[in-house]
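Undergrad: Quick one: structure below, then a few questions.
The values are calculated or read from the model by the stated rules, or taken from the named source; none is laboratory data. This structure is a prediction, so every number in the text was calculated from the model and none was measured. Here the Cβ is made from the backbone with ideal geometry for all residues, glycine too, and neighbour counts use every protein chain on show.
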């Protein structure tokens, strides 16, 4: 259905939206960041179906945490799954069971994605019934040597393995959280010290880090700060950990620090920027200025609590995901990984289940990939609440992405002289579940309803492998419907 605007409504919209988004393609700001990474993928170990959706969306990183369901599906990724008998000889290939992990990772790598391997265990939400794998390892040094052989399998071909060059190796996940770690803070710090030093000494070219912190909700939530010692402890863990890995007597490498945040109904997407700044400031204050800031579990929930997991699969989830990408580009976040892309998980916004069709939210990943392929971020200024934007260039090609998660209905990008050109507009909103071409644009206003986003491309085709010349005709000035 095409939107119809009366002349009066057009004038009112134009007055409301004047100069709210300004793009300047002449001002380059560095690289477009690989923000459209994910946790996990559809489980397709039999080789009959590839991860084509990831290839199309250009997913840069796939983090392997909580892979294949509760307890790691019993055979995937987790150290107790690939090395099931901790008393076995860690130097003997026969002690390891890589079969399902190999079969799971292979189509992901073939799709062009890079693996971000979490060394540790899957969350055990029912730990109060019985905790299986979330206790501290019996022997920290041996656990580190087991991890060493996992790295050798995937990077050096050991035990009939691969040479994938996996760069990022993450030690554990959310140790502040009882369903993930039943030991003390001091025990985890020691495990990290032993494992990180061993892995970095053995493989100087990999990146070792952790610890996938739960998040820092108390820094901008007064109620949690006042009422919850549990949430306050997340900050204590992080700040103590930074001091620990820098202290001469406990020094350990920290190539990256990873952390999490879930934004819910009562908080704007902007909260991500607040937390990213806190992480960067804390790392820098501890002398960890070269440590990467990696945001590797996140999602944005909107609407009534009972509908939130449904909403992330709709145009509402798509718009908020696109808005988060635009926001993160301007923060200190170096890489990001959405939670989650496993279709059977409630947190999965990219696939429906059991039909496995991609959702409107998946289209936000495709859209960000168009900017990432161009490579160079350019200046964007937004002067309206609820609007988020980013832009990129590469050769003669240009692109911009604008998401509306507020109440305003019209965005009006004012393109600087260096940005002149004709753009094809692609939309996702309540009426367009996939990126849909809805007309050409060369200046003026763009109709952008709430909970929708628009991707604009010039000099490149949607889904093209590189900047490919396109000669649009019949460009429309003014309001594009």
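Undergrad: Specify which of the listed residues (250, 274, 289) is outside the structural domain of residue 450 (by TED's automatic domain parsing), touching a residue at least 24 places away in the same chain (Cβ under 8 Å) and either over 17 Å from the mean Cα position of the chain (by Cα) or exposed (fewer than 14 other Cβ atoms within 10 Å of the Cβ) (or both).
TA: 250
Undergrad: Let me ask another. Which of (1) assigned to a strand (DSSP E or B); (2) touching a helix residue (DSSP H, G or I) at 6+ places or on another chain (Cβ under 8 Å) is the odd one out, the single condition residue 276 does not satisfy?
TA: (1)
Undergrad: Taking region 158-182 on its own, how many of its residues are under 19 Å from residue 132 (Cβ atoms) and in contact with a helix residue (DSSP H, G or I) (Cβ under 8 Å, 6 or more places away or on another chain)?
TA: Result for region 158-182: 3.
Undergrad: If we keep just the residues of region 97-132 that are closer than 23 Å to residue 62 by Cα and over 22 Å from the mean Cα position of the chain (by Cα), which is surrounded by the most Cβ atoms within 10 Å (Cβ to Cβ)?
TA: Step by step, filter region 97-132, then rank; the result is 98.
Undergrad: Would region 163-175 turn up any residue that is touching a residue at least 40 places away in the same chain (Cβ under 8 Å) and assigned to a helix (DSSP H, G or I)?
TA: No: region 163-175 contains no residue that is touching a residue at least 40 places away in the same chain (Cβ under 8 Å) and assigned to a helix (DSSP H, G or I).
Undergrad: Next question. Would you point out which residue out of 282, 321, 314 is in contact (Cβ under 8 Å) with a residue 12 or more places away in the chain, in the same structural domain as residue 173 (by TED's automatic domain parsing) and over 28 Å from residue 358 (Cβ atoms)?
TA: Going through 282, 321, 314 in turn, just one is in contact (Cβ under 8 Å) with a residue 12 or more places away in the chain, in the same structural domain as residue 173 (by TED's automatic domain parsing) and over 28 Å from residue 358 (Cβ atoms): 282.
Undergrad: In this structure, is residue 322 in contact with a strand residue (DSSP E or B) (Cβ under 7 Å, 6 or more places away or on another chain), at negative phi and at pLDDT 95 or above?
TA: yes
Undergrad: Sort out which residues of region 447-469 are buried (at least 16 other Cβ atoms within 10 Å of the Cβ), out of contact with any helix residue (DSSP H, G or I) (no Cβ under 7 Å at 6 or more places or on another chain) and modelled with pLDDT under 85, and write them in order of number.
TA: 447
Undergrad: Quick check, is residue 94 in the same structural domain as residue 136 (by TED's automatic domain parsing), surrounded by fewer than 20 Cβ atoms within 10 Å (Cβ to Cβ) and part of a helix (DSSP H, G or I)?
TA: yes
Undergrad: Same structure again: Here is a check on your reading of the model: is residue 303 at pLDDT 95 or above, in the same structural domain as residue 236 (by TED's automatic domain parsing) and on the phi > 0 side of the Ramachandran plot?
TA: Considered against the rule, which asks whether it is at pLDDT 95 or above, in the same structural domain as residue 236 (by TED's automatic domain parsing) and on the phi > 0 side of the Ramachandran plot, residue 303 comes out as no.
Undergrad: Also, quick follow-up: Please go through region 54-91 and pick out each residue that is exposed (fewer than 15 other Cβ atoms within 10 Å of the Cβ) and either within 30 Å of residue 334 (Cα to Cα) or not assigned by TED's automatic domain parsing to the domain that holds residue 140 (or both).
TA: Scanning region 54-91 gives a single hit, 70.
Residues checked against (1) touching a helix residue (DSSP H, G or I) at 6+ places or on another chain (Cβ under 7 Å); (2) closer than 26 Å to residue 426 by Cβ:
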site: 239; (1), (2): yes, no
site: 249; (1), (2): no, no
site: 261; (1), (2): yes, no
site: 296; (1), (2): no, no
site: 315; (1), (2): yes, yes
site: 318; (1), (2): yes, yes
site: 328; (1), (2): yes, yes
site: 336; (1), (2): yes, yes
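Undergrad: Within region 234-265, how many residues are within 22 Å of residue 198 (Cβ to Cβ) and part of a strand (DSSP E or B)?
TA: Number satisfying all stated conditions: 3.
Undergrad: Related question: Of all residues being assigned to a loop (DSSP other than H, G, I, E, B) and at pLDDT 95 or above in region 354-412, which is surrounded by the most Cβ atoms within 10 Å (Cβ to Cβ)? Just the residue, please.
TA: Restricting to residues being assigned to a loop (DSSP other than H, G, I, E, B) and at pLDDT 95 or above, the top hit is 359.
Undergrad: Can you find a residue in region 235-247 that is closer than 30 Å to residue 405 by Cβ, in contact with a strand residue (DSSP E or B) (Cβ under 9 Å, 6 or more places away or on another chain) and assigned by TED's automatic domain parsing to the domain that holds residue 196?
TA: There is at least one residue in region 235-247 that is closer than 30 Å to residue 405 by Cβ, in contact with a strand residue (DSSP E or B) (Cβ under 9 Å, 6 or more places away or on another chain) and assigned by TED's automatic domain parsing to the domain that holds residue 196.
Undergrad: So, in region 64-91, exactly how many residues are in a loop (DSSP other than H, G, I, E, B) and closer than 24 Å to residue 113 by Cα?
TA: 9
Undergrad: While we're here: Of all residues in region 303-332, which are part of a loop (DSSP other than H, G, I, E, B) and within 18 Å of residue 367 (Cβ to Cβ)?
TA: Listed by number, the residues that qualify are 312, 313, 314, 330.
Undergrad: What's the number of the condition residue 268 fails, among (1) assigned to a helix (DSSP H, G or I); (2) surrounded by fewer than 19 Cβ atoms within 10 Å (Cβ to Cβ)?
TA: Result: residue 268 passes all but (1).
Undergrad: Scan region 16-63 residue by residue and report those that are on the phi > 0 side of the Ramachandran plot and part of a loop (DSSP other than H, G, I, E, B).
TA: 19, 40, 47, 58
Undergrad: A further question follows. Name the single residue, out of those in region 1-48 being at pLDDT 90 or above and under 11 Å from residue 107 (Cβ atoms), that is surrounded by the most Cβ atoms within 10 Å (Cβ to Cβ).
TA: 41
Undergrad: Kindly indicate which of 192, 211 is in contact with a strand residue (DSSP E or B) (Cβ under 8 Å, 6 or more places away or on another chain), within 29 Å of residue 133 (Cβ to Cβ) and not in a helix (DSSP H, G or I).
TA: After ruling out the rest, the residue left standing is 211.
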